[in-house]
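**Student:** Submitted below is the structure of interest, expressed as structure tokens.
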Amino acid sequence: IGKHVKLMQNPNISSGPKNQRDYILREHLKVIQNEMAKNSGYETVSDEYEEKLKDIKLDEEHKEKLKKDIARLNTAGNNGAEGNVLRTYLDTVFEIPFGIYSEDFNDIIHAKKILDEDHYGLEKVKDRILEYLSVRILNPTGNSPILCLVGPPGTGKTSIAKSVARALGRKYVRISLGGVGDEAEIRGHRRTYVGAMPGRIVEAIKNVKVANPLILLDEI
């Protein structure tokens, strides 16, 4: 690394045209980063992502796009705005549990038992949920609607959602939207922005580590 630092301090580099100087500095920086990556067990800065790409459960079209982003990261290096944006994006993508699902309990009797255990009364609400679950079981490939629970505070909307998750055997995630004024917090920022972050829904799926949790959007 020392010889590369000396080359970067070479007055002949700084005296040349700006484009040529920037190119030479980038090449030296790439060599330094690759040597640092070797110390951590990888040949280049992109090797770690290429290893993860082999295991991720995505179709070839999306894998090709990720390959291009990894190649761009190798060119851009770790430093600079573009490198930071690419690393944040790739880290987020590889943390999402693509193809990892929890198995549903498709048993209406079990679901009714769970709902009756957790809630006394609310018969109309429980019957409507059981109808919804019955249609899902009979038509698993159909586009099911989103259940909307309406009522004043303290009437059991959140606890009903927990019971449905327990009845289905799914992981439960609650996302509170109270006080959210910017939709980017929910759907995420554009990846081209420096400091762009995924939205709350993607963040929740990352945290539970399955692709099919029951998500409650609370306090809408």
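The values are calculated or read from the model by the stated rules, or taken from the named source; none is laboratory data. These numbers come from a predicted model, not from an experiment. Just the protein is used for accessible areas: all its heavy atoms, side chains included, with ligands, DNA and RNA removed. Shrake-Rupley method; radii C 1.70, N 1.55, O 1.52, S 1.80 Å.
**Student:** Would you work out what percent of the accessible area of region 150-220, with all protein chains in place, is carbon or sulfur (probe 1.4 Å)?
**Tutor:** Ligands and nucleic acids excluded, carbon and sulfur give 57 percent.
**Student:** In Å and from the alpha-carbon atoms only, list the Rg and Dmax of region 97-214.
**Tutor:** Rg and Dmax of region 97-214, Cα atoms, are 16.4, 51 Å.
**Student:** Rounded to the nearest whole Å², what accessible area per residue is found for region 113-207 with the 1.4 Å probe?
**Tutor:** With the other protein chains kept in place, region 113-207 gives 66 Å² per residue.
**Student:** For region 61-135, what relative contact order do you get, as a whole percent, if you take Cα pairs closer than 8 Å and at least 6 residues apart? Kindly include the intermediate steps, with their values, before the conclusion.
**Tutor:** Details: 21 pairs, mean separation 14.9, N = 75.
The normalised contact order for region 61-135 reaches 20 percent.
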